[in-house]
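The next block holds one structure in the form of structure tokens; read it before the comments.
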Amino acid sequence: MAADLVTYTLRLADTALVLGHRLSQWSSYGPTIEEDIAMSNLALDLIGQARLLYDYAGTVEGKGQDEDALAYLRDEHAYLNLLIAEQPNGDFAVTMVRQFLYAAFMQPYMEALMRSKDATLAAIAAKAEKELAYHVRHAGEWLVRLGDGTAESQARAQAGLDDLAIFVGEFFETDAVEKAMIAAGIAPDPTSIRPRFEALLDHVLGEATLRRPVFSTHHLGGKTGRHTEHLGPMLAEMQVLHRAHPGAVW
Amino acid sequence: MTAASALSFDLARARVAVGAVTDPEIPVLTLDDLGVIRDIRQDEAGRIEVTITPTYSGCPAMAAMALDLETALLTAGFKEARIRTTLSPAWTTDWMSENGREKLRAYGIAPPERATTRRALFGEETKPACPHCGSGKTAKVSEFGSTACKSLWRCEACLEPFDAFKCI
């Protein structure tokens, strides 16, 4: 049970960290200064959520691993994030599509996690849910501007949506670990989130005049450490400083 | 002085010391104004414990706040101070004091609205009044500003840009 709770918490933490790190890669490359700041803010929220989750996972595990050990000293196959989080930033449209798909699922998911029987996860979810509401709105407003914008911006937003659709099925897949957490009243059942996710999506895609793609379940494995080729290089860059100078502070 | 009154005297001194600590990003606000101080207590050994709650999960000012609180208590003569962080209940802008709201406005930051009623995700939002000229004719520049807790606006009457404290 405790081992399942650690795995489940690490999945949430890793997804938030990996996506947060991807967003941070936009710092100083944003299309406008306001958007540069916005993406750094989104990254900050996600990395903050990840820190709280790592801290809790390390405490439950009880082997003395702190947030830095969990973030910087685990290799690719020990990472349990959703595959969509590790996908490359692509152009700005791809980044906003990825952000919207994630937030439109995670905001209602965190709202459900607030009712968890695990008091710490419920408390973390109560903070994350408020922050994710801003992410849904921000990415959603961009999808409307891009989709209902020029032919070029629409084509890019649609291409991003079509490319990332293959990773959406993973949101709703559960394995023995997650099923045990659901049965214990600790985790929400992700399939119960699907109607709200689809309603948010249809609302925004409708205004954005974008076509809803087919969400397949062909690409699974992130939650058990089987990743696409993109995670390794990202982690190498993210972890190199800590590994080269263990325990360094400034 | 009895032991009990010595303790309550210490606690009162601790409250004064904590009450003077300001936000590292918005120095006109005290942490108390901001509503992040959740509890101040003293154990039987005389140690002061202050409980704070983060505004945003990733607020980088939290470490500075904890350090500033500890420094203030040590400067006030306490030998040991412990700063504890609690997540629940989650901080809301409703906890900001009336005094704090006025200080924000005078500093040029539009304060958060009273009583957060969560707006629909894609609903209309209430526009903050310009903290400089008071006009309600304002336009949002970006939902994300210089810190996690602020958004960026522009006044269409006096044309000044301003930060607004986000309502969460």
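The values are calculated or read from the model by the stated rules, or taken from the named source; none is laboratory data. What you see is a predicted model, and the numbers here were worked out from it, not measured in a lab. FYI the Cβ positions are ideal-geometry reconstructions off the backbone, even for glycines, and counts take in every protein chain you see.
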Name the residue, out of B:Val28, B:Val36, that is over 22 Å from A:Leu44 (Cβ atoms) and of a type in the set (A, V, I, L, M).
B:Val28
Could you list, in sequence order, the residues of segment A:228-250 that are of a type in the set (Gly, Ala, Ser) and not in a loop (DSSP other than H, G, I, E, B)?
A:Gly232, A:Ala236, A:Ala244
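Could you please find all residues in segment A:171-222 being among the hydroxyl-bearing types (Ser, Thr, Tyr) and within 14 Å of chain B (Cβ to nearest Cβ)? Break it down into steps so the answer makes sense when it comes.
Of all residues in segment A:171-222, those among the hydroxyl-bearing types (Ser, Thr, Tyr) come to A:174, A:191-192, A:209, A:216-217.
The answer is none; no residue qualifies.
Each row is one residue, and each column tells you yes or no for (1) touching a residue at least 12 places away in the same chain (Cβ under 8 Å); (2) away from chain B (no Cβ under 12 Å); (3) over 23 Å from A:Phe197 (Cα atoms); (4) among the polar types (S, T, N, Q).
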position: A:Arg11; (1), (2), (3), (4): yes, yes, no, no
position: A:Gly20; (1), (2), (3), (4): yes, no, no, no
position: A:Trp26; (1), (2), (3), (4): yes, yes, yes, no
position: A:Arg51; (1), (2), (3), (4): yes, no, yes, no
position: A:Leu73; (1), (2), (3), (4): yes, yes, yes, no
position: A:Glu86; (1), (2), (3), (4): yes, yes, no, no
position: A:Phe92; (1), (2), (3), (4): yes, yes, no, no
position: A:Ala104; (1), (2), (3), (4): yes, no, no, no
If we keep only residues of segment A:53-71 that are surrounded by 21 or more Cβ atoms within 10 Å (Cβ to Cβ) and away from chain B (no Cβ under 14 Å), then the residue nearest to A:Ala93 (Cα to Cα) is A:Leu70
Selection count where residues are over 20 Å from the mean Cα position of the chain (by Cα) and among the aromatic types (Phe, Trp, Tyr), scope segment B:116-168:
2
Taking B:Lys127 as meeting all but one of (1) within 12 Å of another protein chain (Cβ to nearest Cβ); (2) assigned to a loop (DSSP other than H, G, I, E, B), write down the number of the exception.
(1)
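Return the residue satisfying two criteria in turn: it lies in segment A:29-42 and is among the hydrophobic types (A, V, I, L, M, F, W, C) and surrounded by fewer than 22 Cβ atoms within 10 Å (Cβ to Cβ), and of such residues it is farthest from the other protein chains (Cβ to nearest Cβ).
A:Ile33
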So B:Arg84 clears everything in (1) assigned by TED's automatic domain parsing to the domain that holds B:Arg13; (2) surrounded by fewer than 18 Cβ atoms within 10 Å (Cβ to Cβ); (3) assigned to a loop (DSSP other than H, G, I, E, B) except one condition, right? Which one?
(3)
Kindly evaluate B:Ala72 against the criterion of being more than 30 Å from A:Gly20 (Cα to Cα), of a type in the set (A, V, I, L, M), touching a Lys or Arg at 6+ places or on another chain (Cβ under 7 Å) and surrounded by 15 or more Cβ atoms within 10 Å (Cβ to Cβ).
no
